[in-house]
Amino acid sequence: MDKKAFLKAGHTPTLFAAFLFFDLAFMVWVLLGPLGVAIAQDLGLSHAQKGLMVATPVLAGAILRIFMGILVDRLSPKKAATIGQLIVIGALAYAWLAGIHSYAEVLILGCFLGVAGSSFAAALPLASRWYPAEHQGTAMGIAGAGNSGTALAALFAPGLAAIFGWGNVFGLALIPLVIVFFIFIAMAKDAPNPPPPKKLAEYLAVLKDKDAWWFMFFYSVTFGGFVGLASSLVIYFNTQYGLDPKMAGFFTAACVFAGSLVRPIGGNVADRIGGVKSLTGMYILAAIFLTIVSFGLPEAWMALLVFVCAMLALGMGNGAVFQLVPQRFKKEIGVMTGLVGMAGGVGGFYLASSLGYSKQMTGSYQMGFLIFAGLAVLALVGLTGVKTRWRTTWGASHLTTAKI
């Protein structure tokens, strides 16, 4: 990558602010996962309830990404992000001060944390609108690396819960969240010449394009796998291998760091060799590693290695998908980011909840992992089916400088 050309092409302070905002938003989005063991012990939750608890913020975030995408196109990415972050700060403050006393209250909090998950639909357009086509993959990858915030939650939340109690972790999370909120307000700037706002019917029109559905499916596998595992692995390592919550958090953080930090690399690789080729390899690897881990490896460190490999593939796949989306939907990038992000969240909800139900119904997590590996294979088949059309229509070399 030509770093000088990249730095001159866009707006670095906004890219940095988008990354920070996204990072902290994702930290609180999956906060219930690392706290899941402690919450489940206090409230006496079953395996299925634990799965649904960690999956609820993921689903709420998925649905809210549609509305965040619309808000981005009708207001601006910065204003939409600001509104969302204020709602999350208010919800966490209430949970900290009033306390969480029942399973229903946990699920309600999970819905509000979903607003943090919708930050995806604001952070990426905020950054990407500053960059030309040939740098989209890298810019989106850097902003999208904010999903490393999920690792921060896994790294610190279980240990803080052991010291201060899991209820106080909601208050502690407010400290970095508020600091980054003010940094974001100071540094982020909306790109000039945004696309004009569209009528609501025009948003629905995007769904008539079959490519929109393909991108939603592809991202439901890559990002769904990433966030589903990020939300579930603390509980998995605790249940499957008897690790205490703090050590399970460290194991989870290693997996999530791997998946999130390679996202910019995935975007850059896609810029170099084409998103289709990159994504093809990632689906094959993800399917292989998810299948291996489904057999319940005998030692926790073995499972850790395989999960890291799976997360690397899924993380790079996330970057590859978002190298392609802006090329296909330049004018609808706001709403498409919301729709594709929503699909990613739905995939994460499915994986997180299905692991809990698989354990509850069969006594093993195997079925949950195997079905998701099967979805990666289906995505590979679908991508193989559309790649020639994509490369000869909107992705043809005479229409775009980006490699498809």
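Results, tabulated for the structure shown:
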quantity: Gyration tensor verdict on segment 167-312 (Cα atoms; rounded if a/c is under 1.5, prolate if a/b is larger than b/c, oblate otherwise); calculated: oblate
quantity: Karplus-derived 3J(HN,Hα), 6.51/-1.76/1.60, for each residue of segment 78-87, Hz, glycine and proline x; calculated: 5, 5, 5, 5, 5, 4, x, 5, 5, 5
quantity: Per residue accessible area in Å² of segment 70-144, where ligands, DNA and RNA are left out and the probe is 1.4 Å; calculated: 34 Å²
quantity: Pairs of alpha carbons in segment 1-133 whose separation is greater than 27 Å (percent); calculated: 30 percent
quantity: Positive-end residue of TYR365, VAL58, TRP390, charge dipole of the chain with Cβ unit charges; calculated: TRP390
quantity: Cα gyration tensor, segment 168-227 - rounded (a/c under 1.5), prolate or oblate; calculated: oblate
quantity: Rg in Å to one decimal, and Dmax rounded to a whole Å, for segment 120-194 via C-alpha atoms; calculated: 16.1, 50
quantity: Most to least accessible of CYS255, CYS111 (protein chains only, probe 1.4 Å); calculated: CYS111, CYS255
quantity: Contour excess over end-to-end distance, with Cα ends at ALA98 and THR12 and 0.36 nm allotted per residue; calculated: 27.0 nm
quantity: Choice from ALA162, ALA133, ALA143 showing the highest fluctuation, given a GNM over the chain with Cα pairs closer than 10 Å; calculated: ALA162
quantity: Accessible surface, per residue, of segment 232-388 when the full set of protein chains is kept, probe 1.4 Å, Å²; calculated: 34 Å²
quantity: Within the chain: Cβ-based charge dipole about Cα centre, in debye rounded to nearest 20 (Lys, Arg +1; Asp, Glu -1); calculated: 1200 debye
quantity: Relative contact order (%) - criterion: Cα under 8 Å, at least six apart; region: the chain; calculated: 27 percent
quantity: Using alpha-carbon coordinates, inclination of helix 245-261 to the longest axis of the chain, degrees; calculated: 10 degrees
quantity: ILE273 - accessible surface, heavy atoms, 1.4 Å probe, Å² rounded to 10; calculated: 80 Å²
quantity: The chain: most fluctuating residue of VAL306, VAL386, VAL227 per GNM, C-alpha cutoff 10 Å; calculated: VAL386
quantity: For segment 229-243, 3J(HN,Hα) per residue [Karplus equation, 6.51 cos²θ - 1.76 cosθ + 1.60, θ = phi - 60°, Hz, x = Gly/Pro]; calculated: 5, 4, 7, 9, 5, 4, 5, 4, 5, 5, 6, 6, 10, x, 5
quantity: Choice from LEU204, LEU314, LEU305 showing the highest fluctuation, given a GNM over the chain with Cα pairs closer than 10 Å; calculated: LEU204
quantity: Shape of segment 198-257, Cα gyration tensor, a/c cut at 1.5; calculated: prolate
quantity: Rg/Rg_globular for the chain, with Rg_globular taken as 2.2 N^0.38 Å and Rg from C-alpha atoms; calculated: 0.92
quantity: Within the accessible area of segment 89-233 (1.4 Å probe), percent carbon and sulfur; calculated: 74 percent
quantity: Residue-level accessible surface for ILE235, protein heavy atoms, 1.4 Å, Å²; calculated: 20 Å²
quantity: Estimated vicinal HN-Hα couplings, Hz - segment 303-313 in sequence order (Karplus 6.51, -1.76, 1.60; Gly, Pro = x); calculated: 4, 4, 4, 5, 5, 4, 4, 5, 5, 4, 5
quantity: At R0 = 35 Å, FRET efficiency that the Cβ-Cβ distance of CYS111 and ALA162 yields, to 0.05; calculated: 0.85
quantity: Farthest positive-ward along the chain dipole, Cα basis, beta-carbon charges - from GLY159, LEU200, THR401; calculated: THR401
quantity: Carbon/sulfur fraction of accessible area - segment 274-376, other protein chains in place, 1.4 Å, %; calculated: 74 percent
quantity: Descending principal axes extents, segment 86-159, alpha-carbon based, whole Å; calculated: 51, 25, 17
quantity: Too-long pairs where the Cα-Cα distance tops 20 Å, listed order kept, from LYS277/LYS403; LYS199/LYS387; LYS8/LYS331; LYS210/LYS330; calculated: LYS199/LYS387; LYS8/LYS331
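The values are calculated or read from the model by the stated rules, or taken from the named source; none is laboratory data. Predicted model only: the values in this text are computed from it and were never measured. Heads up, the Cβs are rebuilt from the backbone with ideal geometry, glycines too, and the neighbour counts pull from every protein chain shown. The accessibility values were calculated without ligands, DNA or RNA, using every heavy atom of the protein model including side chains. Shrake-Rupley method; radii C 1.70, N 1.55, O 1.52, S 1.80 Å.
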